[in-house]
Amino acid sequence: MQVFVNGKAHTVPQGVTVLQACELAGVLVPRFCYHDRLSIAGNCRMCLVEIEKDRKLQPSCAFPAGDGMRIWTETPAVKKGREGVLEHLLIHHPLDCPICDQGGECDLQDQAMVYGGDRGRYKEYKRAVEDKDSGPLIQMIMTRCIHCTRCVRFGSEIAGTGELGSTGRGTNLEIGFYVREKLFASELSGNVIDLCPVGALTSKPYSFMARPWELESTETIDLTDGIGSNVKMDSRFGVPMRIVPKLNEEINEEWITDKARFSYEGITNKRSFMPPEETASLVHSTHKCLALESKCAILSGNVSQETTGVISNYFENVVLEGPNPTGRNWNNTLFPIDFTSTFKCNTCIEDWESTKVDFILMVGVNPRLEGALLNARIRKRLKKGNCPVVSFGAPISTTYNVITAGTSAYSFMNFVEGRSSFCAGFKNAKNPIVLVGPSLFLREDGPAFFSMLQTLINVVPNLVTTMWNGLNYLQPHANSFGIMDQGVNQLGVVDNVQFKTMVQTFDATSDVPAIHITSHVSPEISDNTLVVPCALPAETGGTFVNTEGRSQYARKAVTNQRRVFHDKAILCSLVELNGYKDAVKEYVLGIPSKEKQNIDVQCKQHWYPKFNKTVVHNTPLRTWVDNYYDTDVVSKNSPSLSKVAKAYKKGIFGFKK
Ligand code: SF4
Ligand code: FES
């Protein structure tokens, strides 16, 4: 349809609002409450425009555009109307910009420059609102709130927790938690900091740390889970100050998890340190240990592709450390790493919210804790209706309705063998999805689960076809997929090991002499272990592949303050001293292919034989995450996340596994 914005004709799609039509026409309309990804509230009235034949100014965000509509955004009446709105908003807004963390990136400040007056006409006392305490992450200074309700809508629509709300009317209106002191119980809570157009909700760890114009911003990726969200790391003088999201519609849209946002504190906290000369001499004196016959290396899932390349070329048996923070390694000797589709999230992350997905089956996984942004996509899909979510495993607290069909391995086996009331629905689904996590394959009977999944692929015709692959493996760490893709052996137990090389592992204990190449000090270190400090990817850069097989480069964003070596450089020195020259590997950055060619061949013909019932242990299925804020070394060392983790352990958080 055609609309006329400020006299110029533009073609816009049916169903857009006047504000969206103006945006499509390249005309900016000021707004506070409107946000592209939230429902329309229409309560701030900053977006007033003039529409032909309408006697009053109209809020453009809530007014549907019509064919032939004539809209004016810059008339004197519009300007006067917006000035009036702003004057009202500023009546109760404190004039504390010099001490407000939003200063310099505040929508209210910006718009006051255009529509604000140079003096107020309000002579009475300003109202004051008591600040709320929402925990260690979000600073709430509620006198600054302009009641746009973006945070409330984010809580109920995206995060799915619905704890924030408004109480009172008129001048007594307040945004809060209903219950007085309450943690914002969402792993996506930090996004309200970006959404709040004023300084009412700001980052607590970043309070009074820096001004936005002092920051140097680096586009990079989040390394705290297997999703690979795009972020910007802001630093001042090379010191990390904050992390904010970077828009990527295919992965994280414009949200990030709290771990992604606040883990930067762990980059500088409790770092292991050794002068470079001492590190060099330690490496020199210990290199012979690597020449021993029986040796192994244990990598965490957060090691970059480049570092993995060095070590996998040198060692015969390299073990990828499992996600279990207690140090249990992968026990999946038969893990089929020959075919990437067997250890990958085959359904692209953005497709999870598509209406074509009509059945979601989860087995021993809690996406809210293991991949919070994937969970947000599932929630979006469910809001569109007609998609049951059935889970096998301990009852989980997600942000949508999940039917728990069974808690034990036997219940899932019965489902696979067709003895469950959900079988018919799953079999008849056009685009079903199965989501499994690493916890299944950490079990003693892990291989049986591969066989059960193989059976599902064979009996559910639409699960894996040439056009659709609904088999999804949610990888736990930033580069778990990449490491497996490099063919690293997944040997849970490497027998007769005389020496271990551990790289960035969560668990620092070892039963045999070991080198632990690590960025952080660990209190649990064994006496027989030499610690070699190393740098983090944020200080050196590196390639990481997320759970859907998307390889991305994490840029160097901060200064390597302690001048510690890159883990790759340490390993290169060790292997070179043993006379081994590593061929430099190049990693091609790539996005996952939406072409699902030959996936059926991979999954259907080259996997597991029929499973043997007798090897299945009837033990409960559960997620591997014990504590959401404590799953990688950097997050674990972030003081703010540790405080939330403690609160969560005490049960204040209200999560259930
Ligand atoms: S706290 Fe911020 S986001 Fe929430 S209603 Fe107030 S101004 Fe809007
Ligand atoms: S942006 Fe339209 S009323 Fe707030």
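The values are calculated or read from the model by the stated rules, or taken from the named source; none is laboratory data. Not measured: the values here are computed from a predicted model. Every residue, glycine as well, gets a Cβ built from its backbone with ideal geometry; the counts of neighbours run over all protein chains shown.
Output yes when any residue across the stretch 257-274 is more than 30 Å from PRO212 (Cβ to Cβ) and touching a Leu at 6+ places or on another chain (Cβ under 8 Å), and no when none is.
Among the residues of the stretch 257-274, at least one is more than 30 Å from PRO212 (Cβ to Cβ) and touching a Leu at 6+ places or on another chain (Cβ under 8 Å), which makes the answer yes.
Could you pull out the residue among LEU19, LEU38 that is assigned to a helix (DSSP H, G or I), touching a helix residue (DSSP H, G or I) at 6+ places or on another chain (Cβ under 7 Å) and closer than 25 Å to GLU249 by Cα?
Exactly one of LEU19, LEU38 is assigned to a helix (DSSP H, G or I), touching a helix residue (DSSP H, G or I) at 6+ places or on another chain (Cβ under 7 Å) and closer than 25 Å to GLU249 by Cα, namely LEU19.
Taking VAL114 as the residue in question, decide whether it is over 33 Å from the mean Cα position of the chain (by Cα) and either under 22 Å from VAL192 (Cα atoms) or surrounded by 15 or more Cβ atoms within 10 Å (Cβ to Cβ) (or both).
no
Table: residues versus (1) basic (Lys, Arg); (2) surrounded by fewer than 20 Cβ atoms within 10 Å (Cβ to Cβ); (3) more than 12 Å from ligand 2 (Cβ to nearest atom).
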site	(1), (2), (3)
ALA25	no, yes, yes
ARG37	yes, yes, yes
VAL49	no, no, no
LYS56	yes, yes, yes
MET69	no, no, yes
LYS79	yes, yes, yes
GLU83	no, yes, yes
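Write out, first by first residue and then by second, each pair whose Cβ atoms fall under 9 Å of each other, whose residues are 6+ apart or on separate chains, and whose first residue, in the stretch 212-226, is in contact (Cβ under 8 Å) with a residue 40 or more places away in the chain and in the same structural domain as CYS100 (by TED's automatic domain parsing) while the second is aromatic (Phe, Trp, Tyr) and outside any strand (DSSP E or B).
Close Cβ pairs (under 9 Å, with a partner that is aromatic (Phe, Trp, Tyr) and outside any strand (DSSP E or B)) do not exist here.
Going through the stretch 219-253 one residue at a time, which ones are surrounded by 18 or more Cβ atoms within 10 Å (Cβ to Cβ) and within 24 Å of GLY103 (Cβ to Cβ)?
Answer for the stretch 219-253, where residues must be surrounded by 18 or more Cβ atoms within 10 Å (Cβ to Cβ) and within 24 Å of GLY103 (Cβ to Cβ): VAL231, MET233, ASP234, SER235, PRO240, MET241, ARG242, ILE243, VAL244, PRO245, LYS246.
Looking only at the stretch 43-57, count how many residues are farther than 17 Å from TYR115 by Cα and either within 14 Å of ligand 1 (Cβ to nearest atom) or of a type in the set (S, T, N, Q) (or both).
1
Which of the residues belonging to the stretch 387-410 are assigned to a helix (DSSP H, G or I) and in contact with a strand residue (DSSP E or B) (Cβ under 6 Å, 6 or more places away or on another chain)?
Across the stretch 387-410, there are no qualifying residues.
Could you grab me the full set of residues in the stretch 275-289 that are touching a Pro at 6+ places or on another chain (Cβ under 9 Å) and among the hydrophobic types (A, V, I, L, M, F, W, C)?
CYS289
Here is a yes/no grid of residues against (1) assigned to a loop (DSSP other than H, G, I, E, B); (2) closer than 18 Å to SER300 by Cβ:
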residue	(1), (2)
VAL512	yes, no
PRO523	yes, yes
ASP527	yes, no
PHE544	no, yes
GLU548	yes, no
LYS568	no, yes
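Here's the yes/no breakdown for (1) in contact (Cβ under 8 Å) with a residue 40 or more places away in the chain; (2) of a type in the set (A, V, I, L, M); (3) not in a loop (DSSP other than H, G, I, E, B):
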position: LEU530; (1), (2), (3): yes, yes, yes
position: GLN552; (1), (2), (3): yes, no, yes
position: ARG562; (1), (2), (3): yes, no, no
position: GLY579; (1), (2), (3): no, no, no
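In the stretch 425-456, which residues are farther than 16 Å from SER411 by Cβ, among the polar types (S, T, N, Q) and assigned to a helix (DSSP H, G or I)?
Passing the criteria: ASN428, SER451, GLN454.
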